[in-house]
Each structure stands twice: as structure tokens, then as C-alpha cells.
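The values are calculated or read from the model by the stated rules, or taken from the named source; none is laboratory data. Because the structure is predicted, anything quoted here is derived from the model rather than measured. Cβ sites come from the backbone with ideal geometry, for glycine too, and all protein chains shown count toward neighbours.
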Amino acid sequence: MDPSSETPGGIVDSVRRLLRTTLGLVQNRFQLFTVELQEEKIRLVDVLLRVAAVVVLGFLSLISATALVVVLFWETAPVTVLVIVTLGYALAAAGIGFSIKTRLHRAPPPFAGTLAEFKKDRECLGKPD
């Protein structure tokens, strides 16, 4: 038998520890990646729901505006009500649209935590020449 493989501090044990450490590092990074992927999925669903709300409220504004034009030639009381409803829908759609824009601009870049950890790992291992 090879004497280096039998000693507790031999090269085989060192390689095993290195592989175990490397696999642990890869596993941790993969777990972080999956958590961030889940967060990105939730953020995407949130944005899509808000976009759907803007579209629906926008259509309601258009319908109200159309009804406003039709009713404009009738008595004066229904016109005031339709103006208020139309402005309410339009303001709601604008508010949600603004919140979508704000969320998209404030959101961190996708997988920022994973990339930061890979950068730390690279710095710890030393930069290649």
C-alpha cells in the first residue's frame, strides 16, 4: 500500500476535504440561486398582476369616457357623475402604472446575492495572473 494514503494527513485526505468543501460551496450557491429564482418569480407575478389591473382600469376609463360622450347630450346631472367615475378610474390606472414603474426601478438586479457570493469566492481563491 501507498504510505501517503494510509496517513491521516495524507494527500488523499486533503483531496477529499477539498472536494467536500468545493461540493459544499457549490451546494450553498445553488441553494442561494434557487431562493433568488423564487423571489424573481414572485416579483414577475406581482408585476404581471399590476399590469393586468392597469389594463382593466384603462379599459374601464375608456368605457366611461365613451359613456360620457354619449350621455353628454342628455341631462346635466348624469354627466357630472360620469366625469367623476371616469376620472376615478383614470387616476387609479395612473397610480398603479406609476407603482409598477417605481417597483421596476427600485428592484435589485436579478440574482444579485448569488453574483456577490461568487465574487467573494473568487476573491478568496485569489485572482489569476
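Considering (1) modelled with pLDDT under 85; (2) within 41 Å of the chain's Cα centre (by Cα), say which one THR21 fails and leave the rest. Of the numbered conditions (1) modelled with pLDDT under 85; (2) within 41 Å of the chain's Cα centre (by Cα), the odd one out for THR21 is (1).
For segment 72-110, the set of residues classified as outside any helix (DSSP H, G or I) and of a type in the set (Phe, Trp, Tyr) consists of PHE73, TRP74, listed by residue number.
Results for (1) among the acidic types (Asp, Glu); (2) farther than 19 Å from ASP121 by Cβ; (3) in contact (Cβ under 8 Å) with a residue 40 or more places away in the chain; (4) surrounded by 13 or more Cβ atoms within 10 Å (Cβ to Cβ), shown as yes or no for each residue.
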position: ARG29; (1), (2), (3), (4): no, no, yes, yes
position: GLN38; (1), (2), (3), (4): no, yes, no, no
position: ILE42; (1), (2), (3), (4): no, yes, no, no
position: LEU68; (1), (2), (3), (4): no, yes, no, yes
position: THR76; (1), (2), (3), (4): no, yes, no, no
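Just to be sure before I move on: is ARG50 among the charged types (D, E, K, R), surrounded by 10 or more Cβ atoms within 10 Å (Cβ to Cβ) and under 23 Å from ALA92 (Cα atoms) in the structure I sent? When the stated conditions are applied, ARG50 passes them. Of all positions in segment 57-66, none carries a residue that is exposed (fewer than 12 other Cβ atoms within 10 Å of the Cβ) and either in a helix (DSSP H, G or I) or not hydrophobic (A, V, I, L, M, F, W, C) (or both).
Taken as a whole, the structure places PRO78 among residues that are modelled with pLDDT under 75 and either at positive phi or touching a helix residue (DSSP H, G or I) at 6+ places or on another chain (Cβ under 6 Å) (or both). Condition check: more than 30 Å from GLY24 (Cα to Cα), surrounded by 12 or more Cβ atoms within 10 Å (Cβ to Cβ) and within 27 Å of the chain's Cα centre (by Cα). Does ALA107 satisfy that? Spelling it out, it is not the case that ALA107 is more than 30 Å from GLY24 (Cα to Cα), surrounded by 12 or more Cβ atoms within 10 Å (Cβ to Cβ) and within 27 Å of the chain's Cα centre (by Cα).
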